[in-house]
Amino acid sequence: MKKLMLTWAGGMLFALGAGSLSAQTARLQVIHNSPSPTVDVYLNGVLTLDDFAYRTATPFIDAPAGVPINVGVALSTSTSVNDTIVNFPVTLMSGQTYVAIATGIVGNATTPFTLNLQTGYTETASNPANVDFRVFHGSTDAPAVDVFARGVTKLVNDASYGDVTGIISVPAAQYYLDVTPAADSTTIVGTFNADLSGLGGGAAVVFASGFLAPGAGQPGFGIFAALPDGTVVEFPSSPVARLQVIHNSANPTVDVYLGSTLLLDDFAYRTATPYIYAPAGSQINIGVALSNSTSAADTIVSFPLTLVNGETYVALASGVVGNATTPFTLNIKAGAREAGTTAANTDFFVVHGSTDAPAVDVFARGVAKLVNDASYGDITDYLSVPAAQYYLDVTPAADSTTIVGTFNADLSGLGGGAAVVFASGFLAPGAGQPGFGIFAALPDGTVVEFPSSPVARLQVIHNSANPTVDVYLGSTLLLDDFAYRTATPYIYAPAGSQINIGVALDNSTSAADTIASFPLTLVNGETYVVVASGLVGNATTPFTLLPYAGAREAASNPANVDVLVHHGSTDAPAVDVTLEGTGIIANDLAYGDFQGYVNPPAAPIRLQLGPAQDSTNIVAAFNADLTGLEGSALTVFASGFFDGTAPGFGLWAALADGTTFALDVTTSLEDLQLNQSLLSMYPNPASREVVLSLENNKAETANIRVFDLQGRMWMNWNESVLSGNNAITVSVDRLPAGTYTVLVTLGDAFSAKTLVVAR
């Protein structure tokens, strides 16, 4: 019978009877993955693959489609199709791409020899930068497995013997494939080096092969890849760990050897490697030599290490070469992280690597204690914090109230990231030695310094009855269009050295436009309220900044509200302030004074004002509803003009977040109402006498009192007045020159005006 031969470059592939050739074709690759002897393969009775070896493959070829094909397999010693030991009838579909994998064991009833024929394969990648592949589980005694590309993603999920995945597309790079039991994906049973870096745009069939528990003469487990041209490559078993090395020993630049191989050339102090793969499962030797070394024989210190497959480490070189107390060493941290546990946080651990520094505590100011009683060489557990800016206060462990250094840790751009934070250098450096600092090594090897940044917390309240202003910190615009009776939230401000706060009108263009400047030196770690007060151009109460140290951003008792009281009304006399139900909370409080914190419950409160030294004579009262503010702190400040000039007198409150609001004015205990039209005075200033003009709508008795700005009462008498205008002449001969408040109470109203006595 006449034969028609279909061939490829390597030799004959198909030989079919004349007249049976189909014009339709499919693409086909055959892979031998049955751990059996080399075989011969017959197609429709014709020897097609001679001496087809285990773990080899054909290239993809055109095969007849739409017609039956009988695939017969015989031992390699076969002489004819009659020697076949197993036969498989197949019919391919035109235009499809197939892979036929010979798998199983001849004569085994549980996993018999079979031909796994499936379509849906590809010979090229869909993306020229990627590699496309499918994975076939072809190890007969292996359980269901998961396969992870370490540090990247899970590639295979719960695959049992005979399973084939869909197409997986990955960038053409090197991967370490961790094989784990599907029932326990944390236990790595094997790691394989899959170097796909040269296969961009290509495709492959990745297949598990051999026995997990081989008997005598049986092939062991392995992972292989068949390429479209028939090349089969093994992914070698490669137990590896991830490792970052940080140089924190205050020594010259060094060379680092891994065994006899130069790993790091000219490795500088306070630098780090990115995370790299390092051999695991057997002892390796890390040798350190000076930077002029020529081989591993020049190492001055060596460290034997055995890393665990699948683990991630940081090795921090620390100590001082030749120092018996703190010798050069490697501090090893297992369980290191290359990424944060949440996208919003930054994960880091802290290493105390300063050889002469004592045990320390570290606080993220205003947040939490991060490190407790850490001595040189100590390594903390991981901390996970929101990605934000922090000021780290370092204190002696024996005295956590004394700040020895503050460092600006700006983690705001590291959401989802990780870092190693390490103390470095000498607290008391000698000649040529590096000073103390705090640094962070990122997973890519970048090392950043947390700069020394002594800072205070500061809130500014605008209580000067002037136009909206601009505020400059040095030459930098700090507050633009800062309005009267508004406040900033608490902010960080430089401490430990003099800063200049300049105030300009709101149309300013630079710090050169300032109309008043105030040098301040804030204390590191302190918290301040600064009230802008007084009047620009007024000699008696000039514009000024009134600072209060020891301010609070939160209440000392989370169930209460902490209230700081400030007298900021330039023409109001000294007063006593009573918290109804508690008693006097501010005694003889004069303009510019602060009264320390009181702690009322988070509920409605009533503040009552009376003249200094006469707190029972209440002239005004204010309500503040503190409900819902438990745990908060605020500043209550007297504001405006007491004599009725706009802006009028009132009590205002500033919360820690910068919110301000007016307290509700209420009647006093005598049901008094402020009525500034009740009283006028002339001449003013006065030298010998002043005429008080009282306007009233009925005959009553007026109480008239005169106070100085310290709240001392100089005059107090009752005067009968008639309906209409009443002129009362008062001698001021015995009053020293100065500024006074005249307070008139008449019926259900009162009026207060400023009197200036001039000589």
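The values are calculated or read from the model by the stated rules, or taken from the named source; none is laboratory data. Since we're looking at a predicted model, the values are computed, not measured. Note: ideal-geometry Cβ built from the backbone for every residue, glycine included; neighbour counts use all protein chains shown. SASA here: full protein model, heavy atoms, side chains in, ligands and nucleic acids out. Shrake-Rupley method; radii C 1.70, N 1.55, O 1.52, S 1.80 Å.
Side notes on the structure shown:
- Among Ser384, Ala633, Leu49 - extreme Cα towards positive end, dipole of the chain, charges at beta-carbon: Leu49
- 19 Å reach of a label modelled at Thr114, 7 Å along Cα-to-Cβ, counting backbone N of the stretch 206-233: 206-212
- Tensor-based shape of the stretch 501-643 (alpha-carbon gyration tensor, a/c under 1.5 rounded, otherwise prolate or oblate): oblate
- Once the chain from Ala324 to Ala388 is taken as fully extended at 0.36 nm per residue, the excess over their C-alpha distance is 19.0 nm.
- Potential lengthening between Thr509 and Asn623 on full extension [0.36 nm per residue; Cα-Cα distance subtracted]: 36.9 nm
- Heavy-atom accessible area, probed at 1.4 angstrom with all protein chains present, ranks Lys333, Lys698 as Lys698, Lys333, highest first.
- A simple spin-label model places pseudo-atoms 7 Å from Cα toward Cβ; at Ser126 and Thr645 they are separated by 7.9 nm.
- Counted by Cβ distance under 15 Å from Leu473, the other residues give a net charge of -2, where Lys and Arg count +1 and Asp and Glu count -1.
- Apolar share of the accessible surface for the stretch 190-289: 55 percent from carbon plus sulfur atoms, 1.4 Å probe.
- Each of Tyr548, Thr660, Pro219 was scored by the projection of its Cα onto the charge dipole of the chain, and the greatest displacement toward the positive side belongs to Pro219; charges sit on the C-beta of Lys, Arg, Asp and Glu.
- Cα-Cα P(r), the chain, percent of pairs per 20 Å interval: 13, 27, 21, 18, 13, 6, 2, 0
- Annotation: amide H of Phe450 within the under-5 Å range of Ile438, Phe439, Ala440, sequence separation 5 or more or interchain, hydrogens built in the peptide plane.
- When only alpha carbons of the stretch 236-331 are considered, Rg and Dmax amount to 13.1, 45 Å.
- Given a 1.4 Å probe and the protein chains as shown, Ser318 ends up with an accessible area of around 0 Å².
- Nearest-20 debye value, the chain charge dipole, Cβ charges on Lys, Arg, Asp, Glu: 960
- In order along the stretch 444-459, phi translates into HN-Hα couplings of 7, x, 5, 10, 10, 8, 8, x, 4, 9, x, 9, 10, 9, 9, 10 Hz, rounded to whole numbers, per the Karplus curve 6.51 cos²θ - 1.76 cosθ + 1.60 with θ = phi - 60° and x for Gly and Pro.
- If R0 is 56 Å, the Cβ-Cβ spacing of Ala297 and Tyr492 corresponds to a FRET efficiency of close to 0.60.
- Computed E for Phe661/Ala428 - FRET, C-beta separation, R0 60 angstrom, nearest 0.05: 0.70
- Share of carbon and sulfur in the accessible heavy-atom surface of the stretch 413-475 [1.4 Å probe, %]: 58
- Placing R0 at 22 angstrom, the Cβ-Cβ distance between Ser412 and Thr341 gives a FRET efficiency of 0.75 after rounding to 0.05.
- Lys, Arg +1 and Asp, Glu -1 on Cβ, resulting dipole of the stretch 551-593 about Cα centre, debye, nearest 20: 140
- With q set to 0.13, 0.14, 0.16 Å⁻¹, the log10 of I(q)/I(0) for the stretch 195-279, from the Debye formula over equal scatterers at the Cα positions, is -0.70, -0.75, -0.82.
- Table column - 3J(HN,Hα) (Hz), the stretch 557-567, Karplus curve with 6.51, -1.76, 1.60, x for Gly and Pro: 10, x, 8, 10, 10, 8, 10, 9, 10, 9, 8
- Annotation: aspartates and glutamates with alpha-carbon distance below 19 angstrom to Lys333 (same-chain offsets under eight excluded): Glu311, Asp347, Asp373, Asp378, Asp381, Asp444.
- Placing a pseudo-label 7 Å from each Cα along the Cα-to-Cβ vector at Asp229 and Arg734 gives an inter-label distance of 11.8 nm.
- Each label was represented as a point 7 Å from its Cα along the Cα-to-Cβ direction; for Ala559 and Gln613 these points are 4.1 nm apart.
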